[in-house]
Each structure stands twice: as structure tokens, then as C-alpha cells.
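The values are calculated or read from the model by the stated rules, or taken from the named source; none is laboratory data. These numbers were taken from a predicted model, which means no experiment stands behind them. For neighbour counting, all protein chains shown are included, and Cβ atoms are generated from backbone atoms with ideal geometry for every residue, glycine included. Quick note on the areas: whole protein, heavy atoms, side chains included, nothing else; ligands and nucleic acids left out. Shrake-Rupley method; radii C 1.70, N 1.55, O 1.52, S 1.80 Å.
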2 protein chains.
Amino acid sequence: MQHIISMKNDIITLGHGSGAALTRQLISEVFAGKFKLAELNDAACIDNHITVTTDAYVVNPLFFPGGDIGKLSITGTVNDLSMNGSVPAYIVASFILEEGFSIEKLKLIADSMQKTAEEAGVKIIAGDTKVVEKGKCDGVYITTTGIGFLPDGVNLAAKNISEGDKIIVNGSLGDHTVAIINARQNLGLDPAPESDCAPLREVIEILLNTTKFKFARDATRGGVATILNEIYEDTGLGMIIEETSLPIKDSTTALCGLLGLDPLYMANEGKLVAIISEPNNDMLSRLKAHKYGKDSAIIGKVTKEVKGVYLRTALGSLRPLLMLASDPLPRIC
Amino acid sequence: MQHIISMKNDIITLGHGSGAALTRQLISEVFAGKFKLAELNDAACIDNHITVTTDAYVVNPLFFPGGDIGKLSITGTVNDLSMNGSVPAYIVASFILEEGFSIEKLKLIADSMQKTAEEAGVKIIAGDTKVVEKGKCDGVYITTTGIGFLPDGVNLAAKNISEGDKIIVNGSLGDHTVAIINARQNLGLDPAPESDCAPLREVIEILLNTTKFKFARDATRGGVATILNEIYEDTGLGMIIEETSLPIKDSTTALCGLLGLDPLYMANEGKLVAIISEPNNDMLSRLKAHKYGKDSAIIGKVTKEVKGVYLRTALGSLRPLLMLASDPLPRIC
């Protein structure tokens, strides 16, 4: 761990769920040693062939423009499978329901899961349902576990990354968080910003056709800046990203300015960070032609010029992008 | 479905989580059709070789004599894998934590998971952690997903069952529920009754050495009576169990008498119902020699004499054991 934060009063705080440094510390101190986890990655590989990943979804609100907890519970999990190059195949889902929750809403959520599963090419094959008393949950929490198959010869990993590689994202940053903030706080933005939540297997397939494709990670909790810091912690390789190259919607920039938020740290649910040694125009065109890659951009590079992760601002100065201890927005996914 | 209960006010009730008829109805009406689930079983089989199962654990209290939510989250899931004859291999775990929960307790739970995983021969390979605000959870909820491998030639299924088969359990019934009631209600029973939660793969292995072994199911939520009713619904085969053959501890009988509960409907976490055509003394001796099979007993038989599931009482009369709509005790696992 690069950053050690003292665990205040030895109790769980919302920051432990933020996906930033506190989450990594909790996993590392409480779970990783005991469970003998090989890596702190989102997905584990069995026999170099079967990939498994699990995620709990506690997003608030349950329904938001561009998605709902059901859609998110499929896209988030298939994306975790996709990031090492695996083909997502199966999902199992477990539901914790609050006494009094509307069965009509539950049906909408199940519908949304099934539709998204069909788009993502996965089958939902088993599930479990538990009910807790009113006030011991918040409507519904869903945990999905995904199983995928890693094709022979695919080997995406941070250790492949080297000096000079380029950093790519497949579109505008921060959209999911902006959609959640607007829906949760009833800000009434018009048009209502939509979450980007989407299954990314097809985007990965485009990248896999590039022989120089080395690494990908979906930029969820903690955003792009956290992913890049994790790569730096794992590899020791510095990175500079260019402010002028970042695909960020004007409405996102405006809202972030008002609320003091940074889109680089905000969760996306349909965006990935890819590291590629020599991206070419052909690949970029194919990415941009895909509905989930329209605003793809090369945003920076891996370089020995710096130690750590830096943003080159529009004015040309270098601003460090540190690993945050926590994220100010709980329950974003 | 044998029993159709109207969904009162179209909201989720605690009964929907009880594992009895209401749970089956919820799964059947909300999930099974949409997700195109092949069966309503606890585990799904991929390619006739890989078995996958998922379960959420919301037990209250988190720690109880004989176990805790961590131990339960491993035994419950490996047992679901074991019941079709699969060898449990891997576990992934997702945690929903309440803001303010003690990290010390979380470490105890993780310890317990790892110890139980070692006993059960499974590796915990990945996980996820989310945190929700105080009052939106009850300390910690855990979802575990298990992956196991089904050996060639093993084929345990309700459709194998036929007239004359014997019904076996591997020990005393109701122990888990009694332990939870005593701990939750501070009844102060002395000695405190212990949960039976235990991994049952080795018990299944003993049974698999019997060529006439046809079917097994762990008797968790809803207890033995619910399992037998599910078999009846699936096969149309009647069953009679003998009151005088039931292994039930005197302390359980006494507490159930006081509280008006029936051990046949109470959850076990280390007991299974097995259907075997010709159990012999050799197999029963081997079961009884195992630490999780000491009080194994043949409790009844499959028979065309009756339609449905019946208990032959000590007095010789036949009492119907109906499928209950719900279970009076929420959050038993």
C-alpha cells in the first residue's frame, strides 16, 4: 500500500466502500491475508481459463436516468469479467429485500436484468432471495457473480505495461456519477443527465484485435484517476494525462465546478481505461463507430518523466493526481 | 406450484424470505420466467460439469453458539454445491457493511470464513465490499457464490426417486434454529444449544459409495418437511416418515413444545435429507462414524400408500405435513 490511513476508531466508515485507498486498505488488512487472495483484482482466474467475479450493488436511488440497480448489477459484473479479456457467459444473482418493498418494482428490476443480460450475451442461471425487516436494508441490494471464459492466448495484465504506452478511454467521463447526483439530490437538471452504464465486451473485442493491447480496467468507483494510481502502485510506472484530451461533457464540467467535484475521480459504469502501445487510427475509428465508444480518446501516456500520476493542465503545468483516501459519494453503485 | 397464496398488497413480506411456499412463489412469479431458469434448484449446472450456487446470508445475530455469519456463509454454499454430488472448489464473497460496524468483528468473521473454507476444502478467491449508511443494513450481510465440479457419472436428481426408497437424515433436526432462537431472544438455555452448521461434502462422499443413492438436499430454511414437500411437488410420489424414528434432541423437543414450533419445519445447517433405495447397515455405520453423521437415521419411505407427505405419529395415526406458506422465524440464515 502506498497510502496508509489510520482506521479511525476501528469502525467501518462510508469511505471504506468508496473504491479508493480506504477500500484497498480494508481489503488488504482484513481479507487479503486471511483469504490468501492472489491479487486484489476484481476478477479471479481459475485454471487460467475460467474467470469469476462478484459484486454487491447498493446504488441509491434504485432507478435513475440511463439505468437502474438491475441493469447495473449485470453491466458491472460482465465488465469485470471482460477486463481481462474473458467472454462473459453466466450470472448468478442474490437479492436482499426489505420487508415492504414493492413487488412491482422488483419485477421491473428483474426485467432490466434480463434485458441487459441478453444484450451482454450472458445467461442468468441461478439465484437466492432473502428478506430482512423494514429498516434493515434500503429496498433491495443485489449481488451478482459472473463466470466467463478466457480465450487461449489472451493475456491482459498491468505487468505488460511499459514506457511509452498510450492511455485510452472509450468516452466521456463522470456520466454515471452525475446522473446519480442529479437523481438523488433532485437537482432537476434538464435534460436529466444519463448514466453511461453499459456492457463493454464488444469494446474489448475491438481492442483485442489490436496486437498491442496490454491492459484494461473499467473506471467505476474512484474513476480514471484511481485506476491510474493502482497501475502506478502495481508497476511503478509514471503517467501523464492531458487535460485538453479528456472527453468530458460540458454539463459535467459545469456541475463539477458548482459542486467542487473532479470528473477524473467520478464513477463511470460504461467506461474503461485501456493501455495500448501503439494505437492507430484504424482502431480509433472502429472504437468511435461503436455505440459505446463514440467519444473514445487517447488521453495520455506512460512515461518515466514523472513518478506518480499527473495531469498536464490546459496551461501546461503538471498537477499530481493522488490516490484519494475516500470518495465523497457513497452508494454510487 | 401446489399452493397459490395471494401476494398481499403486492409488497415483500418476511415470509417471502422464509424458504417455504411464499419464497417459491416469489421466485416462480418474479424471477424464474424472466431469467428462464431451468429449475428452481439451489445450484445450477454449466455444461454438465461445473456447478454454481449463490446465497445471501443475513442471519441475526451475527455470532451464535456453534457458528457465526462467516462460518454459515461457507457451509451453506458448499452444502448447496455438494447436494448434486459436486466437489466444492472455489468461493467468491461479497460484503455489504453498515457504517459504524466494528472492524474487529469483521476480522473475526473473515477468520471464521477462512477456517471453514479450509475444512471444506474450498479456496476463497475473490470478493467485493460495499458500505451503506447506518440504519441501512444490520452490521454485515454476506453473499457467497460457490463453484464446484461434478464428477463424471454422478447423477443425483429427484426424478431418480421411486416407490419403496428410504428417507435418511444425518442427525438431529432443528439444532440451528434452536441455537438462533436462544441467542436472539436471550432465553439463557444452559447449556446453550449449538448450531449444527457444518460442511457436508464428506457425508455425501459416504453416500456416494452406495450405488443406490438417488437424491440429497440440505434441510435449511423450511426444514425437512419443506424438502419432502418439494420432492412431492416435483415427483408426485407420496412419503411417510415415522415420528419414533426422528432424531430430535430432548432439549429441542422441550423448547418446541413451549414455543409451539415443529422441528420438522425448522432450519438445519448441517443436515441433509437423502433418498436411497436400499440403505444397508454398513453404510449406516460409516455415516454414524463420521462427526457430522453420528445420529443418522432412516426416518421414512417413499410410498404410493399416500398422496402427499405424512407423519406416522407414535400412536400410529397419519398426520399430513403440508407445505407452509411461510416460516415464523425470519433471518435464520
Notebook entry, point to check: On average over all directions, what projected area in square nanometres does the stretch A:71-197 have, based on the convex hull of its Cα atoms?
Noted result: 10.9 nm²
Notebook entry, point to check: Of all the stretches in chain A, which is the longest one without any exposed loop site, taking trypsin sites (Lys or Arg not before Pro) in a DSSP loop (any state but H, G, I, E, B) with at most 15 other Cβ atoms within 10 Å?
Noted result: A:37-133
Checklist line | Most mobile listed residue (A:220, A:13, A:23) in chain A, GNM with C-alpha springs under 10 Å | finding: A:13
Checklist line | Normalised contact order of chain B, rounded percent, pairs of Cα under 8 Å and 6 or more residues apart | finding: 25 percent
Note to self: Run the simple label-point estimate for residue B:166 and residue A:205 please: 7 Å along Cα→C-beta, distance reported in nm.
What the structure shows: 5.6 nm
Note to self: Eigenvalues of the Cα gyration tensor times 5, then square-rooted: what semi-axes does that give for the protein assembly as shown, in whole angstrom, largest first?
What the structure shows: 48, 24, 23
Note to self: Can you list which of the DSSP-assigned H helices in chain A have a Cα extent of 20 Å or more along the long axis and an average Kyte-Doolittle score of at least -0.5?
What the structure shows: A:103-120
Check: What nm distance separates the two modelled labels at residue B:290 and residue B:186, each placed 7 Å from Cα along Cα→Cβ?
Finding: 4.0 nm
Notebook entry, point to check: In a solvent-free Debye calculation with one equal scatterer on each Cα, what is log10 I(q)/I(0) for the stretch A:215-298 at q = 0.15, 0.19 Å⁻¹, listed in the order of the q values?
Noted result: -0.62, -0.99
Notebook entry, point to check: If you line up the Cα atoms of chain B on their principal axes, what length do they span on each, largest first, in Å?
Noted result: 57, 47, 43
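Given an 8 Å cut-off on Cα distances and at least 6 residues of separation, report the relative contact order of the stretch B:39-149 as a percent.
41 percent
Roughly how crowded by other chains is peptide A:240-252, in terms of the mean Cβ count from those chains within 10 Å of each of its Cβ atoms? Please report the intermediate quantities before stating the final value.
Details: counts 0, 0, 0, 0, 0, 0, 0, 0, 0, 0, 0, 0, 0.
For peptide A:240-252, the averaged partner shielding equals 0.
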Notebook entry, point to check: With every protein chain left in place, what is the accessible area per residue of the stretch B:22-117 in square angstrom, probe 1.4 Å?
Noted result: 29 Å²
Notebook entry, point to check: Of the residues A:22, A:259, A:173, which exhibits the maximal mean-square fluctuation in a Gaussian network model of chain A defined by a 10 Å Cα contact cut-off?
Noted result: A:259
Next item on the list: Counting other Cβ atoms within 10 Å, keep those with at most 16, restrict to DSSP loop, and tell me which GluC sites (Glu not before Pro) in the stretch B:157-221 are left.
Entry: B:163, B:194
Checklist line | Cβ neighbours within 10 Å from other chains - mean over A:319-332 | finding: 1
Notebook entry, point to check: Stokes-Einstein at 37 °C, 0.692 mPa s, Kirkwood radius from Cα pairs: D for the stretch A:158-320 in µm² s⁻¹?
Noted result: 205 µm²/s
Notebook entry, point to check: From Cα coordinates alone, what are the radius of gyration and Dmax values for the stretch A:258-333 in angstrom?
Noted result: 15.2, 39
Item checked: Fraction of accessible area attributable to carbon and sulfur, the stretch A:39-149 (%, probe 1.4 Å) -> 47 percent
Note to self: To make sure I understand the rule: partners must be aspartates and glutamates, Cα under 13 Å from the Cα of residue A:301, and not fewer than 8 residues away in the same chain. Which ones qualify?
What the structure shows: A:163, A:165, A:242, A:243, A:278
Check: Counting Lys and Arg as +1 and Asp and Glu as -1, each charge on the Cβ, what is the dipole of the stretch B:189-258 about the Cα centre in debye, to the nearest 20?
Finding: 240 debye
Check: Peptide B:12-22: average number of partner chain Cβ atoms within 10 Å per residue?
Finding: 5
